[in-house]
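These notes concern the structure reproduced below.
The values are calculated or read from the model by the stated rules, or taken from the named source; none is laboratory data. Only a predicted model underlies this, so the values are computations on that prediction, with no experimental measurement involved. Cβ sites come from the backbone with ideal geometry, for glycine too, and all protein chains shown count toward neighbours.
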Amino acid sequence: MTKISRQGKGEKCDKEGSTRQAESVIMPPMPTLLLLSYLLILLAGYVLRGLNLNHLKCHGSSVPPGFEQVIDVATLQRTSAYTLAQSRLGLVESLVDSALLLVFVFAGLLPVYDRWVQSLTASPVWGGVLFFLFLLLIKTLIDIPFSLYRNFRVEKQYGFNTQTLGLWASDLVKGVLLSVILLGLLLGGGFWLVTASPKLWWFWGWALFAVFTLFLMLISPYVIEPLFFRFEPVRQDGLEDAVRTLMERAGLAAGRVYQVDASRRSRHSNAYFTGIGRVKRIVLFDTLLEQLVSSEILAILAHEIGHWKKRHIFKRLLKTELLALGVFYLAYRLIEWGGLPELFGLEPVSFAAQWVLLSFLGSLVAFPFTPLGSWLSRRDEWQADRYACALHGRPEDLVSGLVKLSRDNLANLHPHPWYAAFYFSHPPVVQRVQRLRDGAGRSGHLPP
């Protein structure tokens, strides 16, 4: 009996060993799983992109109902070509960025770069700041060829680019300097908090991020935006008074109404609110003033007012800050755990380098939630449309404004439904126009 028992135990051990060996063969290591997950997400994005372009090829020559008076087949052909050119450039840029990221994370360059940066200074604060500022400069250099091709090839070919090479270079230098200063201040404060409060840095870091975000919103209209654009009071007769009347009807205290010299850079058009609280500004692109009549501009602004009245901006800011709080706490727990580099098959790296790994994991987790975020954003746009119709009282003005903007900006009128559902932050313009027209005869209100 004893002899049999020993043989059984030995057989059991052999079986367990065989099982472990089989699992090691069947289950790929964690770095491989992470790499495959990232590649799968890339593939999903490229499949959606391909569906969108194929859908455009099949339907791109069809003028949607209600657009016949403004858009012809020739315009649709230019729109299709423009969309295709943009998509091709975006695909190449995505492939380059993804390839460099994978090499940086999985080919062992991250620890090498980390050791080099840490050798420059003994200060963990300065080490963290330099780590990300150097990455910012490297990313800027990589983006330069794509920016040049986008602006001086694609945008120029389709009549949008108006900036000179000197203005482009000036914007680039100012943008880099501004990013270095602001990011340097934020990173310096953040890494100092890590050293000053090792157990609670996640909370104080989140608080710093929240305050910094509000600070930027406060100073942007007065400090940042004037570095790139020239603001002046609206020159179109009667428009500023009409805007103020519209704002008063909505119960909002209007600040100044400005027009900005966007035409120095592009013929694309836009209108937006900037600032928070009492420092709100209404900003109209000079290109928008050329493309639309006053009633259409007021309808577009009524839509933007709808975002304020529905508190969409406040809600999005609140969601962002709550999400950031969760991200900071989760980052603290993962870094405190100490096994984060090992998940990627790496040697121990610095605190700053671990944030690169966290951002990689974050991109994997965030991808499935992309359609939810897009849907929430589109829901806000529908609500703003309904408010605009009630406030302005003429849905047909918003319709004609949207149709003209679609024509002048060569907007894709035939996105694939899956692509739009996944990525579009605004409802497809054809759906918007149809819904506005359906509600035009209902006392300015849209169906829910």
### Query
Across region 187-206, what is the number of residues that are exposed (fewer than 14 other Cβ atoms within 10 Å of the Cβ) and not polar (S, T, N, Q)?
4
### Task
Kindly indicate whether A421 is assigned by TED's automatic domain parsing to the domain that holds G66, surrounded by fewer than 21 Cβ atoms within 10 Å (Cβ to Cβ) and assigned to a loop (DSSP other than H, G, I, E, B).
no
### Members of region 100-123 that are outside any helix (DSSP H, G or I) and under 31 Å from the mean Cα position of the chain (by Cα)
A107, G108
### Message
Can you pull out every residue in region 341-366 that is in a helix (DSSP H, G or I) and either assigned by TED's automatic domain parsing to the domain that holds L200 or over 23 Å from L136 (Cα atoms) (or both)?
### Response
E342, L343, V365
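Could you say which residue among G66, G17 is at positive phi and at pLDDT below 90?
Just a single option satisfies the conditions, and that option is G66.
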### Query
Can you find a residue in region 128-139 that is on the phi < 0 side of the Ramachandran plot and not in a helix (DSSP H, G or I)?
no
### Task
Using the structure shown, decide if V180 is in contact with a Ser or Thr (Cβ under 9 Å, 6 or more places away or on another chain), touching a residue at least 12 places away in the same chain (Cβ under 8 Å), over 21 Å from H268 (Cα atoms) and part of a helix (DSSP H, G or I).
no
### Message
Going residue by residue through region 314-330, is there one that turns out to be part of a helix (DSSP H, G or I), assigned by TED's automatic domain parsing to the domain that holds S61, at pLDDT below 90 and in contact with a strand residue (DSSP E or B) (Cβ under 6 Å, 6 or more places away or on another chain)?
### Response
no
### Message
Given (1) under 28 Å from the mean Cα position of the chain (by Cα); (2) outside the structural domain of T162 (by TED's automatic domain parsing), identify the lone condition not met by V234.
### Response
(1)
### Considering residues of region 155-186 that are buried (at least 18 other Cβ atoms within 10 Å of the Cβ) and within 21 Å of the chain's Cα centre (by Cα) only, the residue farthest from F228 (Cα to Cα)
L186
## Note on the structure
Pairing a residue in region 318-334 that is touching a residue at least 60 places away in the same chain (Cβ under 8 Å) with any residue that is of a type outside the set (D, E, K, R) and not in a helix (DSSP H, G or I), where Cβ atoms lie under 9 Å and the two sit 6 or more apart in sequence or on different chains, gives Y332/L200
### Task
May I ask you to say which residue of S147, S119, S87 is hydroxyl-bearing (S, T, Y), surrounded by 13 or more Cβ atoms within 10 Å (Cβ to Cβ) and more than 30 Å from P64 (Cβ to Cβ)?
S147
### Task
Assess whether V92 counts as being part of a helix (DSSP H, G or I) and crowded, with 18+ Cβ neighbours inside 10 Å.
no
### Where V356 falls short, out of the listed (1) out of contact with any Pro (no Cβ under 8 Å at 6 or more places or on another chain); (2) closer than 30 Å to S295 by Cβ; (3) buried (at least 18 other Cβ atoms within 10 Å of the Cβ)
(2)
#### Entry: S269 vs. criteria under 28 Å from S179 (Cβ atoms), at pLDDT below 90 and in a helix (DSSP H, G or I)
no
